[in-house]
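Reviewing the structure listed below.
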Amino acid sequence: MLKSHAKGLIAIMFIVAIVTLSGCTDTVEEEEVKIGTLLSITGDLAPYGGPMENAAKLAIEEVNANGGLLGKRVTLISEDSQTSEIAAVDAANKLVKVNKVPAVIGAAGSSISLSFIDITTSNNVVQISSSNTAPDFTTYEDNDFYFRTCPSDALQGRAMALLAIEENYTTASTLVLNNAYGVGFETVFVEEFENMGGEILERVKYDPQATMFNSEVEKAAQGNPDVIILISYPETGSLILKAAYEKGIMDKTDWLLSEGLKDETFAEMVGKDVDGNYIIKGFKGTAPFPEGPAYEDFKEAYVNKYNKEPTTFTPQTYDAAAVIALAIEKAGSADGTAIRDNLRSVANPPGEEVTDIGTGLKLIREGKDINYKGASGDITFDENGDISADTANYAQWYVGTDGNVVWGESIDLE
């Protein structure tokens, strides 16, 4: 009898312990707000992914320094897409279904985002990319769960065409990644360049998984175009330019580069000539230009934190994390649908203009409307989740004598 009674007490204590522990687990989960990132820490886009991840961390640190969100600390859960669609799908499933994040910042590449956008949007998870430029996303059926803080290549294709005409090029060929980014950019450029009186000689697409590009380079150079437009990422782009140099194609034809190659390490990747000069010294390209009122403050904070200059799409990534955080505080909820429904209310006019996260959070807590003006520019989302064309800024960039990236003149899209 006593043994039976003792066993009963033990069973009750065991059940109580399980309930208590379960309650503790729930409490821990409730004490944090989770936001995911899915960027290219490795692979062809690695030169961008690491700095972009750092920019997101910087924004979240600023959020936590200003009281977190909804009275809770924000945790950034980071996954590596490996610049691979297969790896990205696995990572997206983990973030959405295991970590249960309500929002994901990423991916770095357009084709990578397209590989998992249905996972995020069908689960009511907001996806914001700071570097997806393919026009495909504008009309994608995403139930308004997809946004981006960088402008579409529908605009950059025109910027590249304007630069080509300004450089007095009358004939051009294109050599592009065979993915959403490369093909989308190329399509707009070709249409705009031809409308401006230019002639396209060759349109060449290459496999992103390839490691040799001799035949593609030779085909793009057929007919000796005035310029070859290279739309690429650093790893494969450097191999293409090396092949062009070795074949003497650079002696006959100029090159213009997409923003996917605007990286401080890119000239070193391509290499130097026999005289010790960088092969691509003086090469020009186009890229979104960060003209945000908060850019200098962001740059100072980034340099102080990481001892490096911000790179392409880092201010856009900072802004992506910022608007997610502000939307959560505005909504009073870290639910994906609530975030979606409040993104425009913190980023678009009307509202008091703010240029830093701390002030934005303070005003929201006071019950005031805000209009976040970011590090990358005026973050105004249109009905498709795109950055409004009226607020997009582009500029020339070129490779300096020491291989560094230098901003050139702005490009007037009008």
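Here are the numbers:
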{"item": "Segment GLU264-ILE86, length gained on full extension (0.36 nm per residue, minus Cα span)", "result": "61.3 nm"}
{"item": "Mean Cα-pair separation over length for the chain, i.e. relative contact order, pairs under 8 Å, 6 or more apart, %", "result": "17"}
{"item": "Residue order, fewest to most surrounding Cβ atoms within 10 angstrom, among VAL406, VAL126, VAL399", "result": "VAL406, VAL399, VAL126"}
{"item": "Given (1) 31; (2) 19; (3) 27, the label whose value is percent of Cα pairs over 37 Å apart derived from this model", "result": "(3)"}
{"item": "Within the chain, percent of DSSP bridges classed antiparallel, to nearest 5", "result": "25"}
{"item": "Selected from GLU85, GLU31, GLU202 as most flexible by GNM, with the chain as the system and alpha-carbon contacts under 10 Å", "result": "GLU31"}
{"item": "Of LYS97/LYS305; LYS281/LYS305; LYS247/LYS281, pairs whose Cα-Cα distance is over 21 Å", "result": "LYS97/LYS305; LYS281/LYS305"}
{"item": "Value in Å of the Kirkwood radius, where the stretch 184-301 supplies the Cα pairs that are averaged", "result": "15.7"}
{"item": "Cα-Cα P(r), the stretch 372-414, percent of pairs per 10 Å interval", "result": "24, 38, 27, 11, 1"}
{"item": "Table column - 3J(HN,Hα) (Hz), the stretch 380-386, Karplus curve with 6.51, -1.76, 1.60, x for Gly and Pro", "result": "10, 8, 8, 5, 9, x, 8"}
{"item": "R0 of 60 Å, Cβ-Cβ distance ASP412-SER215: FRET efficiency to nearest 0.05", "result": "0.95"}
{"item": "Per-residue [θ]222 nm for the chain (sum of -39500 (n - 2.57) over DSSP H runs n ≥ 4, rounded to 500)", "result": "-13500 deg cm²/dmol"}
{"item": "Cβ crowding within 10 Å averaged over residues, with 318-326, 301-309, 47-55 ranked highest first", "result": "318-326, 47-55, 301-309"}
{"item": "Tensor-based shape of the stretch 276-368 (alpha-carbon gyration tensor, a/c under 1.5 rounded, otherwise prolate or oblate)", "result": "prolate"}
{"item": "Chain lengthening between ILE77 and ASN195 when straightened (0.36 nm per residue, less Cα-Cα)", "result": "37.9 nm"}
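Computed from the coordinates by the stated procedures, all read-outs in this text should not be read as laboratory data. Nothing here was measured: the structure is a model prediction, and the numbers come from that model. Reconstructed Cβ throughout: ideal geometry from the backbone, glycine too, with neighbour counts over all protein chains shown.
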